[in-house]
Structure formats: C-alpha cells, structure tokens
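Notes follow once the structure below has been shown.
The values are calculated or read from the model by the stated rules, or taken from the named source; none is laboratory data. Since this is a predicted model, take the numbers as computed values, not measurements. Backbone-built Cβ (ideal geometry, glycine too); neighbour counts: all protein chains shown.
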Amino acid sequence: MFDFKIGTLSLLGAIIFLLIYQIGRWCRKFKLWAYKKNTELDDRKILFYPSSILFGFIIGSLLQAPFNQYNNCKKIEIDSKACIFKFADYPK
C-alpha cells in the first residue's frame with residue numbers, strides 16, 4: 001500500500017519538519033522573553049532535532065512514490081487521479 005522512496009521530498013520533509021520545530025522553539029523563547037522570565041530552554045533540542053529530521057524524512061519518503069507516479073502520468077498525458085490511485089473505472 002505504501003511505497004518508501006528516497007528523493008527530493010525526503011529532503012524537503014526533513015527540512016520542513018526541522019523548521020517547524022525551530023519556529024515553535026523561537027515562539028516559546030519569545031513568549032518567555034516577553035513575560036520577562038528566564039529565556040533559557042532546556043536541552044530537549046538534543047532529542048527533538050534528530051527526531052524531527054527523521055520524522056520529516058520518513059513522511060517525505062512516503063510521499064515521494066505518489067509524487068514520482070504523478071510525474072510519470074503527467075509525462076504520458078493520462079488522467080493523473082486514475083493513474084495514481086489506480087481506479088480502473090474512474091469517471092471522466
């Protein structure tokens with residue numbers, strides 16, 4: 001059901017999930033600074049940086065196969081939805 005391919009979306013997924021975590025970290029730090037509290041966050045980043053990169057890489061790799069299939073369908077100019085989801089009787 002799910003294909004695991006490594007490609008461009010794998011790298012983009014890793015970068016995007018790392019940025020999402022980093023932006024959340026900056027927001028928490030800004031909130032602490034705004035309320036004049038200690039702005040030092042604990043060292044959870046040692047765990048969360050690699051795990052967010054790994055999670056993004058896995059999600060990107062799972063999305064890479066349908067992306068490749070969509071590009072192949074687009075090249076041979078057939079209905080992309082029918083090609084990706086393999087509907088034999090997709091209404092046109």
Q: Scan (1) at positive phi; (2) in contact with a helix residue (DSSP H, G or I) (Cβ under 7 Å, 6 or more places away or on another chain) for the single condition Cys73 breaks and write down its number.
A: (1)
Q: May I ask you to list the residues in region 59-70 that are of a type outside the set (Ser, Thr, Tyr), closer than 16 Å to Ala14 by Cα and touching a helix residue (DSSP H, G or I) at 6+ places or on another chain (Cβ under 8 Å)?
A: Ile59, Gly60, Leu63, Gln64
Q) Looking at region 42-92, which of the residues that are of a type in the set (Val, Ile, Thr) and more than 29 Å from Leu18 (Cβ to Cβ) is modelled with the lowest pLDDT? A) Ile78
Q.
What pairs come out if I take residues in region 12-36 that are touching a residue at least 12 places away in the same chain (Cβ under 8 Å) and within 15 Å of Ile53 (Cβ to Cβ) and pair them with residues that are assigned to a helix (DSSP H, G or I) and of a type in the set (S, T, N, Q) whose C-beta lies under 6 Å away, six or more apart or interchain?
A. Phe17/Ser52; Leu18/Ser52; Tyr21/Ser52
